[in-house]
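Notes to accompany the following structure.
The values are calculated or read from the model by the stated rules, or taken from the named source; none is laboratory data. Since this is a predicted model, take the numbers as computed values, not measurements. Methodologically, a virtual Cβ is constructed for each residue, glycine included, from the backbone with ideal geometry; neighbour enumeration extends over all protein chains shown.
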C-alpha cells in the first residue's frame, strides 16, 4: 500500500469506527484508545478475506457490504453456511484460540471491514484492560445470540482464547475458571437448538442433539429434512460448518 492510500485509510478510521454499532456508545477516550489497534480494508467483490485452513490471525467487523461464509466438508462440495452483513463479525477462530480458520470468508459485494489482529487484540487487553474488556464484551454480544442465554459463556470462551500466560488479572482468572467449568455438551445443545430454529424457519426441517462419541457429534434430522435430497448439505453445511466454527475439535457431524 502506498503512502497516499495509507494516509486515506488513517483519515477514514474515526468515521469507520463510529459506523460500527458495537462501538457506538463508547466514549471519545475509549474510541481514541482502540483506534490504533484496528485497520480499515476495502475489498472488492470476489475477494477472499481468508480461506478455510489458513492460519487464524485476524478478526473482521463488517462495516458495509456482504460476505459469504463457506465451509468445505471432507466428503462433499463447498457450501455457503451463512451470509454476513453490516455489524457482523467474522474470523472467530482468531479469538477462540484456534490455530486455523474453520471456514472461508468470500466478499459477495464490495465490502468495507475493520480488521484487528490477534496480536493487537491481546495488546489492547494487556495495555488497556478496562477498554479491552469492553471490546471483548461487545464481541461476545455479537456472537451470543446464536446461543440461548449464553453471553457469559461466550465471553469466558473469548477471554480464554485471548489469554496471555503470566499476565492474568483477577477478572481473567475468574474467566479462566468459568471457561474450564463450562459444559461442552450444554453449549453444543444450545447451538444445535439455534440451528434447528433457523432450519425450521427457512426450510421446515429440524435438527436435534443426540450426543457425542469421541469427537463426533450425533444429531437427528427431522421434519422436511427427512428424505430430502438436500439433507447432506444441511448436515455438512449449516450444522457441521457452524459447529466447527466454535468447536474445531469436533471432526465429524453424523445423522442418526
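Here are the numbers for the structure shown:
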{"item": "Identity of the residue in the stretch 212-224, closer than 12 Å to residue 256 by Cβ and free of Cβ contacts under 8 Å to residues at least 24 places away in the same chain, that ends up nearest to the chain's Cα centre (by Cα)", "result": "213"}
{"item": "Residue match in the stretch 159-172 (condition: buried (at least 20 other Cβ atoms within 10 Å of the Cβ), within 25 Å of residue 66 (Cβ to Cβ) and either at pLDDT below 55 or outside the structural domain of residue 243 (by TED's automatic domain parsing) (or both))", "result": "no"}
{"item": "Scope the stretch 31-44; condition closer than 21 Å to residue 83 by Cα and buried (at least 19 other Cβ atoms within 10 Å of the Cβ); matching residues", "result": "43"}
{"item": "Residue satisfying condition, being surrounded by 17 or more Cβ atoms within 10 Å (Cβ to Cβ) and either at pLDDT below 85 or in contact with a strand residue (DSSP E or B) (Cβ under 7 Å, 6 or more places away or on another chain) (or both), within set 256, 219", "result": "219"}
{"item": "Matching residues, the stretch 120-143, being more than 18 Å from the chain's Cα centre (by Cα), in a helix (DSSP H, G or I) and touching a residue at least 12 places away in the same chain (Cβ under 8 Å)", "result": "123, 124, 125, 126, 129, 131"}
{"item": "Tally, over the stretch 72-91, of residues that are under 11 Å from the mean Cα position of the chain (by Cα) and assigned to a loop (DSSP other than H, G, I, E, B)", "result": "2"}
{"item": "Candidate set: the stretch 95-115, residues that are buried (at least 22 other Cβ atoms within 10 Å of the Cβ) and within 13 Å of the chain's Cα centre (by Cα); chosen: the one nearest to residue 35 (Cα to Cα)", "result": "95"}
{"item": "Condition met for residue 251 (at pLDDT 85 or above, within 22 Å of residue 98 (Cα to Cα) and surrounded by fewer than 17 Cβ atoms within 10 Å (Cβ to Cβ))", "result": "no"}
{"item": "Pair list, Cβ < 6 Å and 6+ apart or interchain, from the stretch 17-40 residues that are in the same structural domain as residue 134 (by TED's automatic domain parsing) to residues that are in a helix (DSSP H, G or I) and surrounded by fewer than 16 Cβ atoms within 10 Å (Cβ to Cβ)", "result": "40/9; 40/12"}
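Rundown of residues vs (1) assigned to a strand (DSSP E or B); (2) at pLDDT below 90; (3) touching a helix residue (DSSP H, G or I) at 6+ places or on another chain (Cβ under 9 Å); (4) surrounded by 19 or more Cβ atoms within 10 Å (Cβ to Cβ), yes/no style:
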residue: 13; (1), (2), (3), (4): no, yes, yes, no
residue: 18; (1), (2), (3), (4): no, yes, yes, no
residue: 29; (1), (2), (3), (4): no, yes, yes, no
residue: 46; (1), (2), (3), (4): no, no, no, no
residue: 61; (1), (2), (3), (4): yes, no, yes, yes
residue: 70; (1), (2), (3), (4): yes, yes, yes, yes
residue: 93; (1), (2), (3), (4): no, yes, yes, yes
